[in-house]
1. From the list 67, 120, 124, 116, exactly one residue is in a helix (DSSP H, G or I) and either at pLDDT below 90 or closer than 30 Å to residue 2 by Cβ (or both). Which is it?
């Protein structure tokens with residue numbers, strides 16, 4: 001787990017250094033905050049341009065549930081990592097990838113139970129509507 005986090009941190013550090021050196025090479029004299037503003041802003045906006053059409057398609061064909069799942073799953077991942085990093089930082093536990101995997105598995109199980117109930121509900125509702133129309 002810590003190897004994965006350190007790999008990501010090292011990658012981000014190298015990218016950060018590269019952007020700082022490009023800033024110097026081109027003589028832009030941008031501060032670190034200004035670079036963060038531009039780079040994270042552009043990165044986030046590009047992600048929006050890619051993800052928005054995908055979610056639009058999904059919402060038309062698969063409904064709001066998939067979009068809700070995607071959003072919550074993202075939050076669960078972030079919170080799981082934050083908990084593990086917090087445990088390592090405070091010494092209240094060890095950073096363990098399997099803790100994250102277990103938490104995500106729990107989310108999948110509870111979502112699966114909900115999904116089964118939701119599909120049963122939708123099936124009953126559809127059958128009742130078809131029965132009324134017949």
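The values are calculated or read from the model by the stated rules, or taken from the named source; none is laboratory data. Remember, predicted model here, so these are calculated numbers, not experimental data. We place every Cβ from the backbone using ideal geometry, glycine too, and count neighbours over all the protein chains shown.
1. Details: 120 fails: either at pLDDT below 90 or closer than 30 Å to residue 2 by Cβ (or both); 124 fails: either at pLDDT below 90 or closer than 30 Å to residue 2 by Cβ (or both); 116 fails: either at pLDDT below 90 or closer than 30 Å to residue 2 by Cβ (or both).
Sole residue among the options that is in a helix (DSSP H, G or I) and either at pLDDT below 90 or closer than 30 Å to residue 2 by Cβ (or both): 67.
Conditions (1) in a loop (DSSP other than H, G, I, E, B); (2) surrounded by 13 or more Cβ atoms within 10 Å (Cβ to Cβ); (3) touching a helix residue (DSSP H, G or I) at 6+ places or on another chain (Cβ under 7 Å), marked per residue:
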{"site": "28", "(1), (2), (3)": "yes, no, no"}
{"site": "33", "(1), (2), (3)": "no, no, no"}
{"site": "48", "(1), (2), (3)": "no, no, no"}
{"site": "76", "(1), (2), (3)": "no, yes, yes"}
{"site": "82", "(1), (2), (3)": "no, no, no"}
{"site": "95", "(1), (2), (3)": "yes, yes, yes"}
